[in-house]
Amino acid sequence: MSLKTAFLSALRSFSRPAILLQTSKIHTGVCWRKAEDRKEMLASLPAKDEGTVGEKTVDIDTLINRKAKFFPDASTATQLFNGTPFNELPICNIRVSPNNTIISVTDHKGVLRLIRSCGIEGFKNTRKGTNIAAQATAVTISGKAVELGWKTVRVKVRGLGPGRMSAIKGLQMGGLNIVSITDNTPVSFNPPRPRKQRSL
């Protein structure tokens, strides 16, 4: 309750008409009202979501203590996932750039079976580089992979861009079971000489 409404309700409780006639002279500043309105608006807003609500977190320290098989070793290649050895699982390659995201699915030999990009999906110009476009593309290609009979895949991510995590989430949303995620981003330890500084 604001200060003005509290004061007016106190004045109305008196029965003298002389006091009630003077209530029209009471006013609050515009700045005061703006500050109160802003506080009410901020209080009504939902809490800021950092994108981690509902995430499945894994505590690596407890896994190591339990001797869980979390990291690959020599026997990982022959380990069975849904009845298929790890080295015979299909591979989902995600090529991420700041302007586009290209997702392709190959069999274990590397033969290309499916390919989809944000541009093919219908996103144009700068929208191709967004994380929403990457997620929509991943959902579409995972649905096609499930139609081919693939439920469990390996994922290889290459490049830097906004669609890295969104594409992996989209594959999961589309019904694929992701066994491993490998980052194949090339890192140059002797990069080319940078451009000369722009003169203004």
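The values are calculated or read from the model by the stated rules, or taken from the named source; none is laboratory data. Since this is a predicted model, take the numbers as computed values, not measurements. Heads up, the Cβs are rebuilt from the backbone with ideal geometry, glycines too, and the neighbour counts pull from every protein chain shown. Surface areas here come from the heavy atoms of the whole protein model, side chains and all, with no ligands, DNA or RNA. Shrake-Rupley method; radii C 1.70, N 1.55, O 1.52, S 1.80 Å.
Residue 87 to residue 189: extension gain in nm, 0.36 nm per residue of separation minus the Cα-Cα distance? If you can, show how the numbers build up before the last one.
Numbers: separation 102, 0.36 × 102 = 36.72 nm, distance 3.00 nm.
In short, 33.7 nm is gained.
If you take the square roots of the eigenvalues of the alpha-carbon gyration tensor of the range 71-200 and sort them as a ≥ b ≥ c, do you get rounded (a/c under 1.5), prolate (a/b over b/c) or oblate? Present the calculation step by step, with values, prior to reporting the outcome.
Working: a/c = 2.72, a/b = 1.46, b/c = 1.87.
Oblate.
For a test of the definition: using alpha carbon positions, the gyration tensor, and the 1.5 limit on a/c, classify the range 153-200 as rounded, prolate or oblate. Present the calculation step by step, with values, prior to reporting the outcome.
Details: a/c = 8.21, a/b = 2.33, b/c = 3.52.
It comes out oblate by the Cα gyration axes.
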Karplus (6.51, -1.76, 1.60) ³J(HN,Hα), θ = phi - 60°, over the range 161-166, in Hz, Gly and Pro reported as x: x, x, x, 4, 6, 5
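Calculate the all-directions average of the projected area of the range 119-166's alpha-carbon convex hull, and give it in nm².
Average projection, Cα convex hull of the range 119-166: 3.7 nm².
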Taking amide H positions as placed in the peptide plane 1.01 Å from N, state which residues far from residue 114 in sequence (5 or more) or on other chains have amide H under 5 Å from it. 105
Sequence-distant residues sharing a close amide H with residue 156 (under 5 Å, placed H): 92, 93, 94, 182
Starting from the Cα of residue 152, move 7 Å in the Cα-to-Cβ direction to define the label point; list residues of the range 74-92 whose amide nitrogen is under 14 Å from there. 76-91
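Using a 1.4 angstrom probe, figure out how much accessible area the range 64-200 has per residue, in square angstrom, rounded to the nearest whole.
The answer is 67 Å² per residue.
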